Amino acid sequence: MADLNNVAIDEKIDWSKIEVKPELISRAKKLEGVNEQKLALKISNIDAFYGKIQALRRVSFGVPEGSIVSLLGANGAGKTTTLRVISGLVHAAAGKIEFFDEDITNLSPEKITRKGIIQVPEGRQVFPELTVEENLKIGSYSIKQSNAERSKSLDMIYTFFPKLKQRRAQVAATLSGGEQQMLAIGRGLMGKPRVLLLDEPSLGLAPIIVKEIFEIIKMLNRETGTTILLVEQNATKALKISHFGFVLETGRVTIGDKAEVLLNNEDIKKAYLGGGH
Amino acid sequence: MSAILVWIWLIIGVVLFLMAFIKDTPSTKKTYKLLAFLFVITLPFTATSWLSALNSALLYSILAMGLNLLLGNAGQISLGHAAFYALGAYATAILSVKAGVPILISIILGGISVSILAFIIGTPILRLKGHFLGIATLGLHIVVENIIKNELKHMFPGATVPIKYTVTSMVDSINYALREKLAYWDYVSLTSGTKPFIFNYLQDIASNIPAIAGFFITLLVLYLIVLMVRNLLKTKVGRALGGIRDSEVAARTLGVNIALYKNIAFGLSAFIAGIAGGIFAITIGTVDEASFMLTVSLYVLAMIVIGGVGTIQGSIIGATLYQLLDMKIIKTILPQKYQALALAIMGIAVILMIIFAPKGIVYMLYQFKLKIMQKKSGFVKK
Amino acid sequence: MALLEVKELVMQFGGLRALDNVSIKIEEGSIVSLIGPNGAGKSTFFNVVTRIYEPTEGELRFNGHDLLKYEPHEIVKLGMARSFQNLELFDNMTVLNNLLVAQHTKIKPVNLPVIGGFASFFSDILYLPSTKKVEKEATQEALKVLEILGIRGIENLFVSILPYGTRKLVELARALITKPKFLMLDEPAAGLNNKETKELSLVLRKIRDEMGITLLVVEHDMSLVMDISEYIYVLSFGKQIAEGKPAEVQNNPAVIEAYLGTEEE
Ligand SMILES: Nc1ncnc2c1ncn2[C@@H]1O[C@H](COP(=O)(O)OP(=O)(O)OP(=O)(O)O)[C@@H](O)[C@H]1O
Ligand SMILES: Nc1ncnc2c1ncn2[C@@H]1O[C@H](COP(=O)(O)OP(=O)(O)OP(=O)(O)O)[C@@H](O)[C@H]1O
Ligand SMILES: [Mg+2]
Ligand SMILES: [Mg+2]
């Protein structure tokens, strides 16, 4: 059978220079400061397909407990697919996903959510016919919680996003795009995740709120120790709050390093960071 | 003898179908088309005891295609589709019996008048969405049922369409010729003591000529409607309906008059149901409300769900499988004393199918085909 | 004369004034942006102009026509097209079919007064040469637009399987193919990275310069807005809080406070 790593794909020229590092996991472990830390997520050699199309090829990387890790890459690189494989929405054809050393590869999405891995999907998939508050409450159904605790979580979300409080009784379908995005993030947080998978959280948010979102992510990580895997187009901002970053290119991980290092990497600057703002 | 022949034939049919589905390369397509054609036209001659089930499978395929156009392609529900089916049957009967319009023309006129009616009724009720539309169409069915009971029934007290207006009369001459031949052989055998070996077989056929003719007429109409729906779906109207189903707001902004096109979908699907009703009237020869009860709408809905929402193949596969299972297969397999359980078994079969192939058989087959293709190209490991 | 002229527009949802006395003028051939915080009323403005929402008060004139006299499905004929913030693609159709739906009003197999619609319908059902011809032309047209946007090759894929960024481009293609005079884009750069956003601004310029299409863009990515806009309107809580050239707006204290925030570096 053909070696999947050798299946021809169109490599973009800019990237041929970049050395492919296969064992990024051990690398992430070795990086200073995290020696003792466990890996919350260990992704090894994942292949994923949509029908005949191979979307992921031997994707491997690690997410240390308590860290923020950014996953970068161009349109169609496979970032969303990676998150969907982790949360069980897309079948992994090969490879292994471990959550604190426990094999969770291809478990059902409900089981994975119960374990505390929660995904905030791309493009705000809120329940359109439910109100803001109902949407938020649904987010907490994966955990056992008293009503008092639940309303405490609600309050927390409302302090993060005052706009949601104003619109709490409105059905989600008629919210503005940015309000829906806030709602999707809030709903994810209601489940008290151990690992939060965020797919483009800043999508459609006003610059002033984008800043707040990154602050919230940073704070959440620092205060509650929530591990965060972040997919973002706003690469500069994402790397600035992250500990590590990985770059996906046509379904493969091509680079992985500490965030500061990536921020200064010339190739990455050219491809993803641009002028920034 | 003929019972075994039927089974062999049906198995050949299924195998043929699966092969055609999986290997639809341009080079093999023609061959399979020819084989399928041969299979279908020989089918009624192998299966006289199955004819009524086969005919009703074809008829229901037409009905299902009409409803699927509305549900799968335009995204609008109707729970009272049997109403149009019934009206088509009555319209055909009235036109041919009372007004003396030739049978085939009265079927077409019946279909057209039902579709105009649906178009008009559609204007108010298609403003409703989802459950509400479901309930409104249910209400429509009840109204029509009452009209049948209180008005139309008096026009056909015996509920039967006289033979001269049915298919039976069309094949009279063939029937007569065959019977004459058989009688002659029978007479000759008195002296020679031998009958041609196909005598019994031909006798069987002769007694089923109207049903066989019904088979071919229904098949022809089904074929024409498949062509019509297929062309419709790949051109302007079909795409506009798909647009309404997937995003009303975008379709509107791009110039699709939503209200008009929903009406068109409703009208078209009623036209198809009306034609099916007309076929029913001239092949079965009775029009009474018992044949068009609310449950008919629900069966058709089940057929679409089993076969595959939004696909032509889905309508036909769903209807055929359902009717054959319901009218023949379960009853043949089940020992005599358990016959009463047939309906329950049918229910369980439907539930199982919905559990294991929730998107319908067509979708399941596509998945299966994809897997085979992946295996061939060496993609999937393990 | 302005291409689009909106006067004292009010849109009330229950107790909420999503648009409060908004007056906007867009000159033919310009690129104008509409910015403002989340929930400011930008998408609502699009929905009112495209007749999806009936405004509570106000006047809308487009190219000399009183917009309030038109139904939503008629605005495309006036030469208006838009994209949607939350992607309103036809997910269960291929990219090509999405672009064919967009040519709905242009596809006329039989072009006759009064009976044209009926005749076309029968031509379609029978798939006559007249249908074949228009279908082929429409397909060519679709491929041409995909070519312009650099996404030729995806025409036979189902939209639902495309990555987010590509879907955005398909929506742009679908609006462009209607050959509008005026194109309204709701967050075209969302989901694109910096490099892709730069490419998009080139494409948008080209759309204006080469096709002569007037653009109104809603966008939160300031690099794009400041790069392409000739004029900017700012909304906040439904009210117009500022307008002007990019440089003026960027330094307007009210805009910084309500929307941009202060740069941290
Ligand atoms: N349901 C699907 N069926 C088939 N192919 C798919 C499907 N979803 C995604 N793909 C393909 O898989 C590849 C990776 O897509 P993915 O959505 O993971 O990209 P992405 O990195 O998240 O891009 P973006 O930044 O635009 O969201 C793309 O080539 C895409 O076309
Ligand atoms: N149909 C409706 N019913 C009630 N409220 C609505 C409706 N549509 C919009 N709104 C409210 O009106 C306000 C304006 O919404 P709009 O979608 O126009 O915002 P926007 O400026 O596009 O914001 P964003 O940048 O987040 O997309 C929001 O607070 C929204 O919740
Ligand atoms: Mg993505
Ligand atoms: Mg908006």
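Residues of the stretch C:55-96 that bury at least 20 Å² of accessible area once all protein chains are present, compared with their chain alone (1.4 Å probe, heavy atoms only, ligands and nucleic acids left out), are C:P72, C:H73, C:V76, C:F84, C:Q85, C:N86, C:E88, C:F90, C:N92, C:M93. Projecting the Cα atoms of C:I177, A:S70, C:G117 onto the dipole axis of the protein assembly as shown, where Lys and Arg carry +1 and Asp and Glu carry -1 at the beta carbon, places C:G117 farthest toward the positive end. The calculated FRET efficiency for the pair C:E210 and C:A2, based on their C-beta separation and a Förster distance of 22 Å, comes to about 0.50. The lysines whose alpha-carbon is closer than 21 Å to the alpha-carbon of B:K23, local same-chain residues fewer than 8 away aside, are A:K52, B:K33, B:K369, B:K371, B:K375, B:K376.
Here A:K96 is the anchor, and the lysines within straight C-alpha reach of less than 20 Å, apart from those fewer than 8 places off in the same chain, are A:K21, A:K29, A:K38, A:K42, A:K79, A:K111, A:K115, B:K381, B:K382.
Based on the alpha-carbon gyration tensor of the protein assembly as shown and its eigenvalue square roots a ≥ b ≥ c, which shape applies: rounded if a/c is under 1.5, prolate if not and a/b is larger than b/c, or oblate?
Values: a/c = 2.28, a/b = 1.66, b/c = 1.37.
Judged from the Cα gyration tensor, the protein assembly as shown comes out prolate (a/c at least 1.5, a/b above b/c).
Surface burial for B against C, with a 1.4 Å probe and both sides summed, reaches about 2500 Å² of accessible area. In order along the stretch A:141-151, phi translates into HN-Hα couplings of 6, 7, 10, 7, 8, 7, 4, 5, 4, 4, 6 Hz, rounded to whole numbers, per the Karplus curve 6.51 cos²θ - 1.76 cosθ + 1.60 with θ = phi - 60° and x for Gly and Pro. Lys-Lys pairs in the stretch A:118-192 that are eight or more residues apart or on separate chains and whose Cα atoms lie under 15 Å of each other come to 7.
Partners of C:K7 within straight-line reach, counting lysines whose Cα lies under 24 Å from its Cα and excluding those fewer than 8 residues away in the same chain: C:K25, C:K42, C:K69, C:K77, C:K181, C:K239, C:K245.
Chain C packed on chain A takes about 2600 Å² of accessible surface away from a 1.4 Å probe, both sides summed. Of the accessible area of the protein assembly as shown, computed with a 1.4 Å probe over protein heavy atoms only, carbon and sulfur atoms account for 61 percent. For the pair A:H91 and B:S207, label points projected 7 Å from Cα toward Cβ lie 5.2 nm apart.
Where Lys and Arg each count +1 and Asp and Glu each count -1, what net charge lies around C:E137 among other residues with Cβ under 12 Å from its Cβ? Don't skip to the answer; put the middle values down first.
Details: positive: C:K106, C:K108, C:K132, C:K133, C:K136, C:K144; negative: C:E135, C:E141.
Value of the local net charge: +4.
Here is the result for the stretch A:35-91: no chymotrypsin sites (Phe, Trp or Tyr not before Pro) lie in DSSP coil with at most 13 other C-beta atoms within 10 angstrom of their C-beta.
A crude spin-label estimate for the pair A:A169 and B:I135, with each label 7 Å from Cα along the Cβ direction, gives 2.4 nm.
Assuming R0 = 30 Å, what is the FRET efficiency of C:E137 and C:E28, from their Cβ-Cβ distance, to the nearest 0.05? It would help to have the intermediate numbers written out before the result.
On the way: r = 28 Å, r/R0 = 0.94.
That gives a FRET efficiency of 0.60.
Below 9 angstrom from the Cβ of C:P246, what's the summed charge of the other residues (Lys, Arg +1; Asp, Glu -1)? Net of charged neighbours comes to -2.
Relative contact order for the stretch A:118-192: 56 percent, from Cα pairs under 8 Å spaced at least 6 residues apart, divided by residue count. Using C-alpha pairs under 8 Å with a sequence gap of at least 6, the mean separation divided by the residue count of chain C gives a relative contact order of 27 percent.
Per the helix-only calculation at 222 nm, which mean residue ellipticity applies to the protein assembly as shown, given -39500 (n - 2.57) for every DSSP H run of n ≥ 4 and division by its residues, nearest 500 deg cm²/dmol? List each step's numbers first, then the result.
Working: 38 runs with 466 residues, N = 924.
It comes out at -15500 deg cm²/dmol, rounded to the nearest 500.
Among the chymotrypsin sites (Phe, Trp or Tyr not before Pro) within the stretch C:199-265, not one is in coil by DSSP while having at most 13 neighbouring Cβ atoms inside 10 Å.
Which FRET efficiency value, to the nearest 0.05, do you get for A:K270 and B:L260 by plugging their Cβ-Cβ distance into 1/(1 + (r/R0)^6) with R0 = 41 Å?
Numbers: r = 52 Å, r/R0 = 1.28.
For A:K270 and B:L260, the calculated efficiency is 0.20.
Computed on protein heavy atoms with a 1.4 Å probe, the accessible areas place B:S52, B:S291, C:S123 in the order B:S52, B:S291, C:S123, largest first.
So between B:S49 and B:W7, what do we pick up on full extension, going 0.36 nm a residue minus the alpha carbon distance?
Details: separation 42, 0.36 × 42 = 15.12 nm, distance 1.15 nm.
Answer, rounded to one decimal: 14.0 nm.
Charging the Cβ of each Asp and Glu at -1 and of each Lys and Arg at +1, and nothing else, the dipole of the protein assembly as shown about its Cα centre rounds to 2300 debye. The residue list B:L254, B:L152, B:G274 was ranked by how far each Cα lies along the charge dipole of the stretch B:52-294 toward its positive end, using unit charges on Cβ atoms, and B:L254 comes out on top. Quick check on the stretch B:52-294: take the gyration tensor over C-alpha atoms, sort the square-rooted eigenvalues as a ≥ b ≥ c, and tell me if it's rounded (a/c under 1.5), prolate or oblate. Prolate, since a/c reaches 1.5 and a/b exceeds b/c.
The Cα atoms of the stretch A:118-192 give a gyration tensor whose axes a ≥ b ≥ c have a/c of 1.5 or more with a/b greater than b/c, which makes the shape prolate.
Under the definition of Cα pairs under 8 Å and six or more residues apart, what whole-number percent is the relative contact order of chain B? Dividing the mean separation by the residue count of chain B yields 31 percent. Each residue of the stretch A:247-264 was assigned a 3J(HN,Hα) from its phi angle through the Karplus curve 6.51 cos²θ - 1.76 cosθ + 1.60 (θ = phi - 60°); the sequence is 10, 9, 9, 5, x, 10, 7, 9, 8, x, 6, 5, 4, 4, 5, 5, 4, 9 Hz, with glycine and proline shown as x.
Could you report the buried accessible area between A and B, both sides summed, computed with a 1.4 Å probe and given in Å² to the nearest 100? List each step's numbers first, then the result.
Values: alone 13490 and 20070 Å², together 32690 Å².
Roughly 900 Å² of accessible surface disappears when A and B pair.
The values are calculated or read from the model by the stated rules, or taken from the named source; none is laboratory data. This structure is a prediction, so every number in the text was calculated from the model and none was measured. Glycine also receives a Cβ, built like all others from the backbone with ideal geometry; neighbour counts cover every protein chain displayed. These accessible areas exclude ligands, DNA and RNA; they are computed on the full protein's heavy atoms, side chains included. Shrake-Rupley method; radii C 1.70, N 1.55, O 1.52, S 1.80 Å.
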